[in-house]
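Visitor: Before I ask anything, let me first share the structure, which is written out below as structure tokens.
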Amino acid sequence: MKIFQQIVNHKINHLTVKELLKYSKEYKISLTDEQAQQLISIIKEKPVNIYDTSERHDLIKKIARITNAQTAKKVQQLLQDLMK
């Protein structure tokens, strides 16, 4: 795995609720405190490799269940931008 991929995955897998909420505001993704906590719990249970298509897809589906389809779509776009 490339070093950049490792750095991005490490950052995602070690986010705090506070950081997630900060990024959600920065990127105009609507998240409540409760939703952010749930998402962080999911990531902590099973760290994700966003460069793996199936893992990324599973994460987006979980985000959609916790939030809504629109929010999941914004997160998906953000992850795709990060992977460039």
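The values are calculated or read from the model by the stated rules, or taken from the named source; none is laboratory data. Small disclaimer: the values here were computed from a predicted structure and weren't measured. Neighbour counts run over all protein chains shown; Cβ positions are idealised from the backbone, glycine included. The protein model used for the area step is the full one, side chains on, heavy atoms only, and it has no ligands, DNA or RNA in it. Shrake-Rupley method; radii C 1.70, N 1.55, O 1.52, S 1.80 Å.
Visitor: Counting just the residues of segment 1-30 that are aliphatic (A, V, I, L, M) and touching a Phe, Trp or Tyr at 6+ places or on another chain (Cβ under 9 Å), which one comes out farthest from K61 (Cα to Cα)?
Guide: Among residues in segment 1-30 that are aliphatic (A, V, I, L, M) and touching a Phe, Trp or Tyr at 6+ places or on another chain (Cβ under 9 Å), the one farthest from K61 (Cα to Cα) is M1.
Visitor: What number of residues in segment 1-13 are under 11 Å from the mean Cα position of the chain (by Cα) and free of Cβ contacts under 8 Å to residues at least 12 places away in the same chain?
Guide: So the count comes out to 1.
Visitor: Separate question: Which residue pairs have Cβ atoms under 8 Å apart, sit 6 or more places apart or on different chains, and have a first residue in segment 29-48 that is under 16 Å from K11 (Cβ atoms) and open to solvent by 40 Å² or more (accessible area, probe 1.4 Å) and a second that is modelled with pLDDT of 90 or more and part of a loop (DSSP other than H, G, I, E, B)?
Guide: The qualifying pairs do not exist here.
Visitor: If you go through segment 9-27 one residue at a time, do you hit one that is closer than 17 Å to Q80 by Cβ, in contact with a helix residue (DSSP H, G or I) (Cβ under 7 Å, 6 or more places away or on another chain), open to solvent by less than 30 Å² (accessible area, probe 1.4 Å) and not in a helix (DSSP H, G or I)?
Guide: Checked segment 9-27: no residue is closer than 17 Å to Q80 by Cβ, in contact with a helix residue (DSSP H, G or I) (Cβ under 7 Å, 6 or more places away or on another chain), open to solvent by less than 30 Å² (accessible area, probe 1.4 Å) and not in a helix (DSSP H, G or I).
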